[in-house]
Structure formats: structure tokens, C-alpha cells
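Each remark here refers to the structure printed beneath this line.
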């Protein structure tokens with residue numbers, strides 16, 4: 001039986017900032033497009049993936065839906081990246097793609113007759129007199145989100161809230177000191193009605209002493225509506241978490257709701273940034289409801305930097321109008337724990353850290369030293385998954401969560417590299433060793449195996465003890481005899 005993992009797209013695909021939308025029985029994910037080994041964020045053209053709403057293990061590549069060179073602003077330089085987009089269906093039945101090109105301060109719109117067809121440039125979001133939004137000294141227009149309400153009205157959300165950024169880093173524009181902004185759109189999906197309003201989602205400059213303190217708005221606007229209330233989803237100043245705010249109206253009155261997910265499980269069971277489960281960095285995404293179940297989409301970091309991010313998702317509990325923070329897992333959209341027998345690639349690790357803890361994924365330079373990380377062979381490509389854990393050195397731990405282990409009777413690990421020592425397997429982070437696998441020193445690929453008896457639904461922690469480092473490729477859970 002096919003299972004779903006995190007990341008839910010092929011391991012060679014780097015699509016961060018994912019916005020999931022349900023159109024015609026399929027879930028479409030619209031996001032930025034990083035390049036493996038890229039020198040900055042979002043350097044690829046927009047691609048789209050989709051899956052049947054009743055089978056989130058069956059993702060289909062829809063191809064490139066929009067290229068940077070199609071936008072008039074995209075022709076000015078290679079570093080004018082296509083940042084986080086969103087899509088909305090208009091009254092005319094067409095699909096409208098909203099995005100920004102670099103820090104140029106305008107919101108661009110492209111349009112298509114199909115959710116994942118070939119989009120064409122439509123224009124810049126503008127005021128009634130034709131002036132583009134962003135040309136009246138407004139705060140920087142960035143990370144746009146678009147939302148269609150039940151009454152047919154449509155809204156655009158933008159905002160970027162850094163503190164003390166030099167103006168030249170923002171293309172001469174000012175940040176949004178008062179948090180996220182909202183415009184109502186006319187029926188043409190291009191013209192705004194009047195001026196913008198602030199949602200009341202506090203930025204860093206105003207968050208102290210409010211419910212937003214420690215979780216103030218930074219970027220990544222997204223809007224959803226559940227059970228008659230509006231949920232504004234955003235990336236906080238801490239970067240590694242998606243948070244939400246709630247209101248009875250789509251354009252004002254939002255109160256802080258809580259954290260949806262942290263890429264390092266920060267905030268769960270007292271975990272802090274110092275002992276995060278995974279490399280920290282920015283994340284961006286949203287929530288979708290499918291058949292009464294809720295899923296939060298976000299992204300993780302690979303390759304020791306901030307520019308090779310991958311799409312992940314978790315089921316999340318929603319009760320009495322509130323979300324409970326989701327744990328990061330390896331099973332993601334599977335709808336159940338992973339099977340306790342079979343072979344699993346190491347890249348589905350949902351936790352990866354060294355004896356020194358985790359780290360923030362670098363923008364200016366890569367962290368060095370004894371730290372494991374996810375990477376792949378070769379250059380950026382659109383085929384050939386071979387992602388693995390590199391620099392798996394003494395004291396490194398990879399977490400895989402969670403498995404139905406009642407049928408498991410052995411565990412084997414496939415490695416390569418010069419290291420030699422032992423791999424310990426646990427079902428609790430600081431629990432007793434359930435299996436110990438000797439790792440002979442060598443250079444080539446090798447598989448080691450040991451008895452292992454599991455019980456119930458549990459995570460698996462693999463810790464390397466030994467000399468040098470190895471590359472962790474995969475592991476196999478064998479059945480009981």
C-alpha cells in the first residue's frame with residue numbers, strides 16, 4: 001500500500017511557501033520554487049503539484065505554470081526572484097495568481113482558465129485611478145495572499161515587518177510597522193476598493209505587552225475561514241513557526257490565536273530554540289480542511305542553508321475554534337502511522353540534530369562542524385531522488401515519527417562513508433537502547449542489521465556513536481518470524 005511521507009513531494013523538488021487550495025476535487029499547492037544549491041531564495045519559475053483530495057499520497061507534477069520573464073519586472077535582473085504566491089478563483093471562473101517580484105514593491109497578477117495551466121501576466125494591483133498599489137509610499141507589498149469570502153467579496157493581504165532593515169535591502173521601501181494589511185478587490189481582481197486597513201495583527205514594534213508578544217507578525221500572509229470565523233495565518237518574527245490570529249471580520253479585529261507548527265517543534269513539551277529537533281529557519285504555509293480533517297502546510301530546510309526548502313504538511317487538531325500545535329512527523333499526510341515493516345529513505349527524518357543541538361539555517365554562510373544535514377548528489381534537477389543525511393557524525397540523531405511497530409522484528413540501516421562505530425535505535429529520545437547496530441569502518445555502501453522488537457505506535461531515534469562520519473541512506477524494518 002502506498003504511503004505518504006514528509007516531504008510529500010519527491011526529494012529533488014524544492015517548493016517552499018506552499019498555499020494549498022481545493023479546486024474540482026484536487027488539492028493544488030502553489031509555492032515559491034527554490035533551487036538545490038541556490039544562492040538565494042525562490043530563484044526558480046513557479047511550478048505546481050496536485051493530488052486527489054481523498055489520496056494525499058498521490059502527487060502529480062503539473063509542470064511550470066508561470067515564468068519570471070513573463071512579468072515586466074522580471075526582466076531587470078536574475079536576483080529579482082518570484083516570491084511566495086497565492087491563487088484565487090474569480091467570479092468569471094478563471095484563476096488569478098498573485099505574487100511579488102523581489103522587493104520591487106508591486107503586487108503582480110497572472111491569470112489562467114485552469115488551476116494549473118499556463119498563466120499569463122494580467123497586470124499590477126492598482127487603485128481606482130490606475131496608480132499601482134505600492135507607488136503611494138505604502139509599506140512594502142510582499143507575500144500577497146488572496147481570499148474569496150462566502151458572500152463573493154475578495155480580499156488581498158500583504159505585509160513585511162522587519163525591524164531596523166536598511167532601506168536599500170527593501171528596494172527603498174519601508175517595512176510594515178503595524179503588521180499585515182488588507183485591501184478589498186473589485187470584480188476585475190486587479191483594482192482595490194479604497195485604501196488598505198490594518199488587521200490588528202501586531203508587528204514587533206507594537207507587540208510588547210499584547211497577546212502577540214513573542215509571536216509578532218513578520219511575513220507570509222494567508223487567510224482561511226472555518227465555521228464562520230476568519231483565520232489569518234502568518235510567519236512570526238521567530239521565523240521557524242506559523243501562527244494564526246482570529247476575527248469575526250475579514251479585514252480587522254484579529255486576536256492572537258496560537259502556534260500552528262514549528263519546524264523544530266519549539267514550544268511542544270517545553271522544547272526551546274536551543275534544543276530544536278531540526279535546523280530552524282523561516283517557514284510559510286497555510287491550512288486546508290478536507291473531509292472534516294485539517295492539515296497545516298509548511299516547509300523545512302536542507303543543505304545547511306536557507307535556500308533549499310522543501311514542502312511538508314501535518315494533520316492538525318481543530319477544536320472549539322482553536323488549533324493545537326502540530327508535531328512535525330515523517331508520516332505527514334499519511335492519515336495514520338507508517339507501517340512497521342518496509343524500507344524507508346533517511347530523508348524523511350522529521351528531526352535531525354547533533355550533540356550541540358540544532359542551528360538556524362544560514363543566509364550568509366553555512367554552519368560548519370559536527371552537524372548532520374540533508375543533501376543530495378549533483379546539481380538541481382527535476383528527476384532522480386537520492387537525498388540522504390550527510391555528516392552523520394558521533395552523537396548525531398535522526399528522528400522518524402511514527403510507526404506501528406507491533407509487527408517489527410528487526411532493523412537494518414544502509415550507510416556509506418568512512419566512519420565506523422555503532423548506531424543505537426531507541427523509541428524514546430532518552431530511553432533505553434532497543435537495538436545496537438555495529439558499523440564497520442569502510443568507504444563504500446554497507447548495510448548492518450540487528451534484532452528489534454517494537455510495540456505500539458512509536459517514533460524511532462537513530463543515534464551514531466563512533467569515529468568520523470557516515471552518510472545515512474535508508475533503514476529497513478523487518479517482520480517478526
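Per the listing 344, 298, the residue uniquely within 23 Å of residue 423 (Cα to Cα) and either in contact (Cβ under 8 Å) with a residue 60 or more places away in the chain or touching a helix residue (DSSP H, G or I) at 6+ places or on another chain (Cβ under 7 Å) (or both) is 344. Are any of the residues in region 446-460 in contact with a helix residue (DSSP H, G or I) (Cβ under 7 Å, 6 or more places away or on another chain), crowded, with 21+ Cβ neighbours inside 10 Å and closer than 17 Å to residue 278 by Cα? No; the residues of region 446-460 include none that is in contact with a helix residue (DSSP H, G or I) (Cβ under 7 Å, 6 or more places away or on another chain), crowded, with 21+ Cβ neighbours inside 10 Å and closer than 17 Å to residue 278 by Cα. For the structure I just gave you, tell me whether residue 134 is closer than 24 Å to residue 43 by Cβ and in contact with a strand residue (DSSP E or B) (Cβ under 9 Å, 6 or more places away or on another chain). So residue 134 passes the test. Would you say residue 142 is over 15 Å from residue 46 (Cα atoms), touching a residue at least 60 places away in the same chain (Cβ under 8 Å) and more than 23 Å from the chain's Cα centre (by Cα)? Criteria not met by residue 142. Would you mind stating whether residue 321 is surrounded by fewer than 21 Cβ atoms within 10 Å (Cβ to Cβ), over 14 Å from the mean Cα position of the chain (by Cα) and at pLDDT below 95? Criteria not met by residue 321. When residues in region 296-324 are screened for being assigned to a strand (DSSP E or B) and under 30 Å from residue 390 (Cα atoms), 14 of them pass. The condition (being under 24 Å from residue 301 (Cβ atoms) and either in the same structural domain as residue 97 (by TED's automatic domain parsing) or out of contact with any strand residue (DSSP E or B) (no Cβ under 9 Å at 6 or more places or on another chain) (or both)) is satisfied by just one residue among 157, 212, 234, 230: 234. Would you mind stating whether residue 367 is under 22 Å from residue 272 (Cα atoms), in contact (Cβ under 8 Å) with a residue 24 or more places away in the chain and in a loop (DSSP other than H, G, I, E, B)? Answer is yes for this residue.
Residues checked against (1) crowded, with 22+ Cβ neighbours inside 10 Å; (2) modelled with pLDDT under 95; (3) touching a helix residue (DSSP H, G or I) at 6+ places or on another chain (Cβ under 6 Å):
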| position | (1), (2), (3) |
| --- | --- |
| 326 | yes, no, no |
| 330 | yes, no, yes |
| 352 | yes, no, no |
| 366 | no, yes, no |
| 382 | no, yes, no |
| 385 | no, yes, no |
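For region 163-214, a tally of residues being under 28 Å from the mean Cα position of the chain (by Cα) and over 23 Å from residue 132 (Cα atoms) returns 18. When each of 443, 430 is tested for being farther than 27 Å from residue 327 by Cβ and modelled with pLDDT under 95, the lone residue that passes is 443.
Quick check on my filter: what residues within region 277-307 are farther than 23 Å from residue 144 by Cβ and crowded, with 24+ Cβ neighbours inside 10 Å? The answer is 277, 278, 279, 300, 301, 302. Report whether or not residue 257 is crowded, with 20+ Cβ neighbours inside 10 Å and farther than 29 Å from residue 213 by Cα. Considered against the rule, which asks whether it is crowded, with 20+ Cβ neighbours inside 10 Å and farther than 29 Å from residue 213 by Cα, residue 257 comes out as no. Out of 274, 225, one residue alone is more than 15 Å from the chain's Cα centre (by Cα) and either under 23 Å from residue 176 (Cβ atoms) or in a strand (DSSP E or B) (or both). It is 225.
Somewhere in region 153-162, is a residue modelled with pLDDT of 95 or more and more than 26 Å from residue 47 (Cα to Cα)? The answer is yes, given that some residue of region 153-162 is modelled with pLDDT of 95 or more and more than 26 Å from residue 47 (Cα to Cα). All conditions in (1) crowded, with 21+ Cβ neighbours inside 10 Å; (2) touching a strand residue (DSSP E or B) at 6+ places or on another chain (Cβ under 6 Å) hold for residue 375, with the sole exception of (1). Highlighted here are the strands (runs of 3 or more DSSP E) found entirely within region 51-138 that include at least 2 residues which are touching a helix residue (DSSP H, G or I) at 6+ places or on another chain (Cβ under 8 Å) and surrounded by 17 or more Cβ atoms within 10 Å (Cβ to Cβ): 108-112. Within region 192-202, one or more residues are part of a strand (DSSP E or B), in contact with a strand residue (DSSP E or B) (Cβ under 9 Å, 6 or more places away or on another chain), modelled with pLDDT of 95 or more and under 27 Å from residue 22 (Cβ atoms).
The values are calculated or read from the model by the stated rules, or taken from the named source; none is laboratory data. Here the structure is a predicted model, which means the values were calculated and not measured. Because the Cβ atoms are built from the backbone with ideal geometry, glycine has one as well, and the counts that use them run over all protein chains shown.
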